[in-house]
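Written out below as structure tokens is the structure these notes cover.
Please treat every number below as a calculation from the coordinates, not as lab data. Predicted model only: the values in this text are computed from it and were never measured. Cβ sites come from the backbone with ideal geometry, for glycine too, and all protein chains shown count toward neighbours.
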Amino acid sequence: MLQQTRVETVIPYFERFMSALPSIAALAAASEDQVLALWSGLGYYSRARNLKRAAEQIERQHQGRFPESFAQVVALPGVGRSTAGAILSLALGQRHPILDGNVRRVLSRCFLVAGPPQASATQRQLWQLAERCTPQQRVAAYNQAMMDLGALLCGRRPGCGQCPLTPHCQAWQQGVVGDYPQPRRPRQLPSRQTYLLLITDSEGAVLLERRPPSGVWGGLWSLPECTLQQDPQHWCREQLGLDTELLATLPQSRHTFSHYHLDYTPLRMRAHPAGQRCMDAGERLWYNVNEPLVGGIASPIARLLAGLKT
DNA sequence: AACGCGGGGAG
DNA sequence: CTCCCAGCGTT
């Protein structure tokens, strides 16, 4: 959960998740829908699918006991070098470096590591520094301290006056702390437009459909979409076999992903009871918005559904 | 080496 | 608005 996500954001999700699925066995046995429902709103949903796969792998390959070697831990789905190092150093005291956003910032400033942050040369240099700086003793305390330093003092507006590393920090000695690490080059995000169809039946249930297993919002439940060039009612008849009437056009909103903008216009539509064939192999369902989540729902979709609650 | 992958909080 | 967060997997 903490990959690319702030601690304060994670805490309530973590509490809820651990209450519902308190063990590796429970997670492995849970449905992907339940796991995604618990993850809904956190983003980067492949983490949730990988976490469940990791639990299954531990059950199958490690007899349900969490592995304790680096090679076995880093082989778990969704666990890379830094996460494996964090798990084994913090939980078991093993000597492994970590390199998250906090450590990257501290090391970049301390040792004047230039270059684009994502470039492999920069990465290699930072990992080498992380390895060389990691002590033989008290590794858990060291790694935790590096992350806390990056989070509390060595952030966007650094508090060098209180930092214990200033005697060693080259950026501070040269007065160039603000220049490190080098910022990512800003990218121009493309935008995509769509209608989101809020189709309700005579009982007020909303039609949801499952998104493909890969890509944005993979495996989550979402609303039917059609392009602005298509006629929504015609589209519903052709694609869903539903006779509909258009009730209202809601204001356009923008949802920004890490790599594009989604400009969506929600349409309130009512399905006429005549045609009800739109349940394709469990990939579509009529959802009562007053009931608990049936699976993962992305935040913008959840907000729209919440607007339908009675 | 570059890209895909969410959502939100802080400034 | 912009920036970036306890990064990883795929191509």
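At most 15 other Cβ atoms within 10 Å plus a DSSP loop assignment makes a site exposed; report the longest stretch of chain A without any exposed trypsin sites (Lys or Arg not before Pro). Please report the intermediate quantities before stating the final value.
Working: sites that count: A:R6, A:R65, A:R138, A:R156, A:R184, A:R187, A:R277, A:K309.
Here the longest run is A:188-276.
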Among A:N290, A:V73, A:L126, which residue has its Cα positioned farthest towards the positive end of the charge dipole of chain A, with +1 placed on the Cβ of Lys and Arg, -1 on the Cβ of Asp and Glu, and the dipole taken about the Cα centre? A:L126
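If you place +1 on the Cβ of every Lys and Arg, -1 on the Cβ of every Asp and Glu, and leave all else neutral, what size is the dipole of chain A about its Cα centre, to the nearest 20 Debye?
1240
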Calculated from DSSP helices alone, with each H run of at least 4 adding -39500 (n - 2.57) and the total divided by the residues of chain A, [θ]222 nm to the nearest 500 comes to -11000 deg cm²/dmol
Enter the Cα centre distance for the pair segment A:170-210 and segment A:52-102, rounded to the nearest angstrom. 28
With label points set 7 Å from each Cα along the Cα-to-Cβ direction at A:R6 and A:E56, the distance between them in nm comes to 3.4
Need one number: nm distance between label points at A:A114 and A:L228, each 7 Å from Cα along Cα→Cβ, rounded to one decimal. 4.4
Length-normalised contact order for segment A:7-179 - Cα pairs under 8 Å, 6+ apart - percent: 16
Of chain A, which part is the longest with no GluC sites (Glu not before Pro) in a loop (DSSP not H, G, I, E, B) and with at most 15 other C-beta atoms within 10 angstrom? A:69-202
